[in-house]
1. For residue 92 and residue 65 in one chain, what is 0.36 nm times their gap in residues minus the Cα-Cα distance, to one decimal in nm?
2. Please list, in order along region 49-59, the HN-Hα scalar couplings obtained from phi with the Karplus expression 6.51 cos²θ - 1.76 cosθ + 1.60 (θ = phi - 60°), rounded to whole Hz, x for Gly and Pro.
3. Using a simple spin-label model with points 7 Å from Cα along the Cα→Cβ vector, what separation in nm is obtained for residue 25 and residue 110?
4. Rounded to the nearest 0.05, what FRET efficiency is calculated for residue 44 and residue 100 with R0 set to 35 Å and r the Cβ-Cβ distance?
Amino acid sequence: LEMDTKALEVEVIPPARPGRRRRFNAEEKQRFLAEAEMAGQSISSVARRYGLSASMLFHWRRLAEEGSMSSLGADEAVVPESEVKRLQAQVRELERLLGKKTMENEILKEALELARPKKRTSPLSLPSRSGSR
């Protein structure tokens with residue numbers, strides 16, 4: 001048997017330290033994804049090279065395809081759509097309750113005005129004209 005004597009390239013990647021949590025800004029995430037798109041590269045190879053989880057890069061790629069990565073450039077938090085819908089429903093409920101309390105407040109104000117005795121001016125309380133001159 002003849003063996004091919006071409007040089008083999010072997011890349012040794014040190015294992016990631018467990019328990020360490022790193023944060024990446026939008027530019028770094030986009031750089032990792034761009035590198036994975038280059039010819040001869042893959043998501044898995046880029047993930048291994050930088051000690052990242054391949055699933056995290058796949059997640060970032062899905063977010064980029066959905067357009068969610070654009071908000072990361074402004075350092076805004078990305079919130080799941082289900083959370084947004086839950087918060088919108090909560091706002092609607094709070095607005096409904098506020099409207100109900102505002103209406104109750106107006107009704108109580110009108111009831112107080114009706115219940116208060118009206119001040120009447122009687123002829124006895126007016127100063128007499130005959131004694132002044």
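A short reminder: the numbers here are calculations on the coordinates, not readings from a lab. What you are looking at is a predicted structure, and each value in this text was computed from that prediction instead of being measured. In this analysis, Cβ positions are derived from the backbone assuming ideal geometry, glycine residues included, and neighbour counts consider all displayed protein chains.
1. 6.6 nm
2. Once θ is set to phi - 60°, the couplings for region 49-59 become 4, 9, x, 9, 7, 4, 5, 5, 5, 4, 5 Hz.
3. 5.8 nm
4. Numbers: r = 56 Å, r/R0 = 1.60.
That pair, residue 44 with residue 100, gives E of 0.05.
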